[in-house]
Amino acid sequence: MVITWPYSDSFISKPDPKMRLSRFFLPILRETPKEAEIVSHRLMLRAGMIRQESAGIYAWLPLGLKVLNKINAIIREEQNRAGAIELLMPVIQSADLWRESGRYDDYGKEMLRIKDRHERDMLFGPTNEEMITEIFRAYVRSYKDLPLNLYHIQWKFRDEVRPRFGVMRSREFLMKDAYSFDLDAEGARHSYYKMFTAYLRTFARMGLKAIPMRADTGPIGGNLSHEFIILASTGESEVFCHKDFLALDAPAENIDFESRAAMQGVFDTWTSKYAATSEMHDASAYEAMPESDRVSARGIEVGHIFNFGTKYSEPMKAVVNGPDGKDVTVQMGSYGIGPSRLVAALIEANHDEAGIIWPDAVAPFIFAIANLKVGDAATDAACEKLYGEFTKAGFDVLYDDRDDRPGAKFATMDLIGVPVQIIVGPKALADGKVEVKHRRTGERELLSLEEVVNKFAAKKG
RNA sequence: CGGGGCAUAGCGCAGUCUGGUAGCGCAUCUGCUUUGGGAGCAGAGGGUCGCAAGUUCGAAUCUUGCUGCCCCGACCA
């Protein structure tokens, strides 16, 4: 019997690599809306990535969504690699669940509380420790099912007093939150180190240098916690660290997440020297380092991990049978990354006067083809040829087929940050060449169509 | 939550003080020209001036109330 794959290739290929700008929805703005203060907010609005619908609440337009999805894809790969398992919990939660942990009263006005038609107290989830603990305790009975790490990527709502900086500090935001369950403290540390390692890899893959810094646990609770901070001049908080962290490479793809020694090694390497946010800053320890080793900079928090023991499992009775048949309250940790904030953070770290400079890994389109003279038989044909080849190779490629002037096309490609811009104009094409411009370096090269295809489009196959 | 400010076309703004036909730039649409760094000319469309009361012959403009949004500070993925 032959079982045929029930989906067409085009259906499963996500995201859609084919895009003609004349047909795409890319509402770019020439002028900056006055409310946007920081560069990422300005550029996201100008590049048509987001639209504000309310204070701190944004609609994600197609270009913004493409970036968000790429970030999510990287996060998923690294979470899965580290052994976490994806599920999806609802955004609306019951107040009763939060009364069990005691956080219904503790969380304050930051939690958006709502009533359903039966006058039941509900809430829009600001985080999911309670819910995941409820799910865990409903099914897991044995220590043999541990360790377990479950995560989801879901919208959160925190009714910030003052939302600002676009999606950097919004009320509704996307969060990847993972929750680990272990039999004992030692296992919980291993789980913590696994996520620690996964986070280093996740941010590195996006071209970000994220430095783990000892952090306050805040309302989540616990005793072991790190914030992952990326350095950006427009960052919200001041951070201090040893300069060696800037040169450290993230753990390799083939690192063994199950090896406690390997995980401990990663953790030790990345925590061996001084690194702290201003809240946790110890000026005397910092100044004990030679001045040439000190780095003081602005930082953006893009991830935060916690080991909080039995803070939730105890009151919510998440217990398993141990090897000796006795109940053991499980050890938990939670691990958060804000993909929506990451979009803004990536822009803060990657831009110039002309616009965004996407790292390849998260670029909404890696390639753009600019037809400088739409309607010209030669440029039209060359563009269609390239567009077809890149599409066939499975790349995200944007074809600017608008009947517009070259300057407008250059400005658009630079604004939306396309890493590799293939410029097809009548002059170079008369010699059979097109120009390839690299957004980040500004480097340009003249190549024939075949060379372009061989150099770029043939790679992925 | 304290302090400050804003609300007029899709975006950026003028007009408000001193009440009297709602304007400018960009964007959009049409036509012609133009085509390697956000083109030029000509024409066109688009606004219950945030909402509601009040004062007045007459309110974008004055008064009161409300709503929304932004900025600064304290708090946060």
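So here's what we get for this one:
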item: Filter result for A:GLU78 (of a type in the set (Asp, Glu) and buried (at least 20 other Cβ atoms within 10 Å of the Cβ)); result: yes
item: Tally, over the stretch A:132-145, of residues that are surrounded by fewer than 19 Cβ atoms within 10 Å (Cβ to Cβ), under 27 Å from A:ILE75 (Cα atoms) and touching a strand residue (DSSP E or B) at 6+ places or on another chain (Cβ under 8 Å); result: 4
item: Count - residues of the stretch A:258-301 that are of a type in the set (D, E, K, R), more than 16 Å from RNA strand B (Cβ to nearest atom) and farther than 26 Å from A:ASP182 by Cβ; result: 6
item: Residue that is nearest to RNA strand B (Cβ to nearest atom), among those in the stretch A:171-211 that are in a loop (DSSP other than H, G, I, E, B) and out of contact with any helix residue (DSSP H, G or I) (no Cβ under 8 Å at 6 or more places or on another chain); result: A:ARG171
item: Residue pairs meeting the criteria (Cβ under 9 Å; at least 6 apart or on separate chains; first over 15 Å from A:GLU35 (Cβ atoms) and in contact (Cβ under 8 Å) with a residue 60 or more places away in the chain, in the stretch A:163-176; second part of a strand (DSSP E or B) and basic (Lys, Arg)); result: A:GLU172/A:LYS156; A:PHE173/A:LYS156; A:LEU174/A:LYS156; A:MET175/A:LYS156
item: Some residue of the stretch A:223-240 being closer than 20 Å to A:MET332 by Cβ, of a type in the set (Gly, Ala, Ser) and either part of a strand (DSSP E or B) or modelled with pLDDT under 95 (or both); result: yes
item: Residue in the stretch A:143-170 that is nearest to RNA strand B (Cβ to nearest atom), counting only those that are outside any strand (DSSP E or B) and over 30 Å from A:GLN52 (Cβ atoms); result: A:PRO147
item: The stretch A:336-373, subset near RNA strand B (Cβ under 10 Å from one of its atoms), surrounded by 20 or more Cβ atoms within 10 Å (Cβ to Cβ) and of a type outside the set (A, V, I, L, M, F, W, C), residue farthest from A:LYS144 (Cα to Cα); result: A:ASN371
item: Residue count for the stretch A:32-42, restricted to those that are within 19 Å of A:MET413 (Cβ to Cβ) and either modelled with pLDDT under 80 or within 10 Å of RNA strand B (Cβ to nearest atom) (or both); result: 1
item: Sole residue being of a type outside the set (Lys, Arg), more than 12 Å from RNA strand B (Cβ to nearest atom) and in contact (Cβ under 8 Å) with a residue 12 or more places away in the chain, chosen from A:ASP380, A:ASP401, A:ASP414, A:ASP376; result: A:ASP401
item: Long-range neighbours under 6 Å by Cβ, at least six apart or interchain, first residue near RNA strand B (Cβ under 9 Å from one of its atoms) within the stretch A:424-436, second in a strand (DSSP E or B) and among the polar types (S, T, N, Q); result: A:VAL424/A:ASN371; A:LYS433/A:SER448
item: Condition met for A:LEU88 (under 27 Å from A:GLN52 (Cβ atoms), away from RNA strand B (no atom under 16 Å from the Cβ) and not polar (S, T, N, Q)); result: yes
item: From the options A:ASP116, A:ASP121, residue that is acidic (Asp, Glu), surrounded by fewer than 14 Cβ atoms within 10 Å (Cβ to Cβ) and more than 26 Å from the chain's Cα centre (by Cα); result: A:ASP116
item: Single unsatisfied condition, A:THR412 versus (1) out of contact with any strand residue (DSSP E or B) (no Cβ under 9 Å at 6 or more places or on another chain); (2) assigned to a helix (DSSP H, G or I); result: (1)
item: Strands (runs of 3 or more DSSP E) enclosed by the stretch A:255-355 - at least 1 residues per element that are closer than 30 Å to A:MET413 by Cα; result: A:294-309, A:331-337
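Let's see how each residue does on (1) surrounded by fewer than 20 Cβ atoms within 10 Å (Cβ to Cβ); (2) modelled with pLDDT of 85 or more; (3) within 18 Å of the chain's Cα centre (by Cα):
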site	(1), (2), (3)
A:ILE12	yes, no, no
A:PHE24	yes, yes, no
A:MET44	no, yes, yes
A:TRP60	yes, yes, yes
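The values are calculated or read from the model by the stated rules, or taken from the named source; none is laboratory data. All of these numbers come straight from a predicted model, not from anything done at the bench. Virtual Cβ from ideal backbone geometry, glycine too; neighbours counted across all protein chains shown.
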